[in-house]
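Working notes, beginning with the structure itself.
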Amino acid sequence: NAGVTQTPKFRVLKTGQSMTLLCAQDMNHEYMYWYRQDPGMGLRLIHYSVGEGTTAKGEVPDGYNVSRLKKQNFLLGLESAAPSQTSVYFCASMTENRLNTEAFFGQGTRLTVV
Amino acid sequence: GENVEQHPSTLSVQEGDSAVIKCTYSDSASNYFPWYKQELGKGPQLIIDIRSNVGEKKDQRIAVTLNKTAKHFSLHITETQPEDSAVYFCAARFANTGNQFYFGTGTSLTVIP
């Protein structure tokens, strides 16, 4: 059981380049989230999804797009990378039932934009 | 907008002492409050959580208390050990914004042997 897997783990981009971060979960969870983590600012929500085919904006959505074409995958895209997007990105998935509401996190993607 | 405030940002304790981290939240409709531990180079991992219908929950050396009236909740770690050293995050699920999780800014806990 892999849980939540993020690819890639590290990436260096030049300003203006584009890339897609992939998050895959094998737990059949409905909810998926993308966060960025910056020193002293905790985890800030970029976008999230409450189910296949749905996406919504979080706290800091500008400069990012997402897609959830398949329930198990949540993609985060940067169309034109900027140095301000240098960060560590975390994906999380969650289900909710009477007994359990735990969110599981991936190991993170460290992105540097030069 | 909605937010979660966390204090202190850094905390150092002697091994065996207790550590307390406090968080406040803005959305009175929030109903779920997890605490996460993050070790260097890893993703956050859930250590304990509490729902809005209870005031306290305990799991061995870790406990969480919730005061819904004051909109604050706290993490208590007793008999701290060096392996408790990590960054701890509180979070709140904001029911009014589609189950979004908002996180505090983190507390870096150091347990001195």
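Descriptive notes on the structure:
- Positive end of the dipole of chain A (Cβ unit charges, origin at the Cα centre): among A:GLY40, A:LEU75, A:GLN17, the Cα lying farthest that way belongs to A:GLN17.
- Rounded to the nearest 20, the size of the Cβ-charge dipole of segment A:23-114 about its Cα centre is 60 debye, with Lys and Arg at +1 and Asp and Glu at -1.
- Counting every alpha-carbon pair across the protein assembly as shown, the share separated by more than 21 Å comes to 55%.
- Residue among B:ALA70, B:GLN45, B:SER85 farthest towards the positive dipole end of segment B:43-113, charges placed on Cβ: B:ALA70
- Distance between modelled label sites at B:ALA29 and B:ILE112, nm, 7 Å Cα→Cβ extension: 4.6 nm
- For A:ALA82 and A:MET27, the difference between the fully extended length at 0.36 nm per residue and the C-alpha to C-alpha distance is 16.5 nm.
- Once the mean of 1/r is taken over each pair of separate Cα atoms and inverted, chain A shows a Kirkwood hydrodynamic radius of 14.1 Å.
- If only the Cβ of Lys and Arg carry +1 and only the Cβ of Asp and Glu carry -1, the dipole of the protein assembly as shown around its Cα centre is close to 440 debye.
- Segment A:13-81, relative contact order [Cα under 8 Å, separation at least 6], %: 39 percent
- Efficiency of FRET from Cβ geometry, B:GLN60 and B:HIS7, R₀ 25 Å, rounded to 0.05: 0.55
- Segment B:35-113: C-alpha gyration tensor shape, a/c 1.5 cut-off, then a/b vs b/c: oblate
- Cross-link pairs beyond the 26 Å C-alpha cut-off, checked among A:LYS9/B:LYS37; A:LYS9/A:LYS70; A:LYS71/B:LYS68; A:LYS70/B:LYS68: A:LYS71/B:LYS68; A:LYS70/B:LYS68
- Between A:THR95 and B:ARG51, the simple spin-label model (points 7 angstrom out along Cα→Cβ) gives 1.6 nm.
- For B:ASN3, the residues whose modelled amide H falls within less than 5 Å of its own, excluding neighbours fewer than 5 places apart on the same chain, are B:SER26, B:ASP27.
- Between B:THR69 and A:MET41, the C-beta separation translates, for a Förster distance of 35 Å, into a calculated FRET efficiency of about 0.75.
- Extending 7 Å from the Cα toward the beta-carbon at both A:VAL114 and B:GLN81 defines two label points whose distance is 4.3 nm.
- Segments B:107-113, A:78-84, A:30-36 sorted - mean Cβ within 10 Å per residue, highest first: A:30-36, B:107-113, A:78-84
The numbers here are math on the coordinates, done by the rules we state, and not lab data. Everything quoted here is computed from the prediction, not taken from an experiment. As a convention, Cβ positions derive from the backbone with ideal geometry for all residues, glycine included, and neighbour counts pool all protein chains shown.
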